[in-house]
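Student: Got a structure here, written out as structure tokens. Questions coming.
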Amino acid sequence: MRLPRYRLEEWNGLLMVCADPGVPPLAPQLAEPADRLAPYGLADLVVAYTDRWDGVPANWKVGFENGSENYHHMGTHASTLDILVPGKDTVVDESAGRWFSMYTPFALDGADPAAGGDAADVPRVGTLIPGLGERELSGMTVAGFFPNLVMALLPDSVTFVRWVPTGPVTHDALVTVLVPPQAERDPGFGAYVEASRRQFEVIQNEDLVAVRGVQRGLATDPAPSGGRFSHLERPLWQFQRYLADRLSATAPAPEQL
Ligand SMILES: [Fe+2]
């Protein structure tokens with residue numbers, strides 16, 4: 001008996017698995033986002049923790065889309081994320097291909113617990129990633145890679161979220177937080193990790209309400225008609241284009257049907 005062999009490619013310290021030996025290499029497709037993310041030194045970061053939410057009752061694409069736009073911050077995360085990184089301030093970058101990126105400057109009053117609001121909602125800032133510029137220190141970048149990986153890049157951490165299909169209407173959501181290696185030597189590291197986990201749980205629970213609602217809506221008959229996207233939802237449009245391309249590339253030609 002022989003175990004199957006899969007193609008592996010390393011990208012910024014991440015091991016990417018591909019089940020199709022025939023597709024082109026990944027790195028050339030991601031050259032532009034690699035440049036944009038270079039200041040964070042992804043390959044040098046270490047895993048602080050991974051949490052997972054198994055059996056989320058929605059198709060994986062519903063989860064991915066939720067994590068691919070900040071438009072929903074103003075509703076779903078009105079009292080948590082939106083205070084720190086207001087969705088309305090997000091600028092979505094022009095991009096083409098199998099990725100997107102966007103940047104949200106920190107809200108000046110939201111970033112300072114002394115300025116009011118619920119301090120428990122403001123993430124503790126841990127050890128900063130070395131070498132970041134003013135732009136990286138002043139906001140959050142979100143970068144997504146089709147089909148199912150999104151990362152949120154902050155001055156002290158990079159968080160990866162993967163949505164793994166487990167059935168037509170279920171998926172597992174995996175969250176991994178990376179920090180600079182120096183962070184683990186900080187005496188406050190344990191408390192930082194605990195605060196980060198708690199905050200993620202709050203945010204994930206907020207997202208689960210939205211994700212479950214969208215899935216319920218998709219099951220209605222007639223199905224939702226869609227409608228126009230907000231400019232903040234450009235990544236969803238790109239994702240749909242990506243899916244359409246992939247589906248049409250793998251669909252049998254009409255004469256084969
Ligand atoms: Fe969300």
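Student: Report, largest value first, the span of the C-alpha coordinates of region 30-186 along each principal axis, in whole Å.
Tutor: Extents along the principal axes: 45, 35, 34 Å.
Student: With Cβ to Cβ distances under 12 Å as the rule, what net charge do the other residues near Pro57 carry (K, R +1; D, E -1)?
Tutor: Local charge sum for Pro57: 0.
Student: DSSP loop trypsin sites (Lys or Arg not before Pro) in region 185-257 with at most 16 other Cβ atoms within 10 Å of their Cβ, which ones?
Tutor: Arg228
Student: Working from Cα positions, state the angle (0 to 90°, nearest 10) between the long axis of helix 234-250 and the longest principal axis of the chain.
Tutor: The answer is roughly 30 degrees.
Student: Does anyone have the angle between helix 189-218 and the longest principal axis of the chain? Alpha-carbon axes, 0 to 90°, nearest 10?
Tutor: Between helix and principal axis, roughly 40 degrees.
Student: With unit charges on the beta carbon (Lys/Arg positive, Asp/Glu negative), name the residue among Asn70, Ala96, Gln199 whose Cα is farthest towards the positive pole of the charge dipole of the chain.
Tutor: Ala96
Student: Please compute the contact order of the chain in relative form: average sequence separation of alpha-carbon pairs under 8 Å and at least six residues apart, divided by the residue count, as a percent.
Tutor: 24 percent
Values in this text are rule-based calculations from the coordinates and carry no lab data. Treat the numbers as computed from the prediction; the structure is a model and nothing was measured. As a convention, Cβ positions derive from the backbone with ideal geometry for all residues, glycine included, and neighbour counts pool all protein chains shown.
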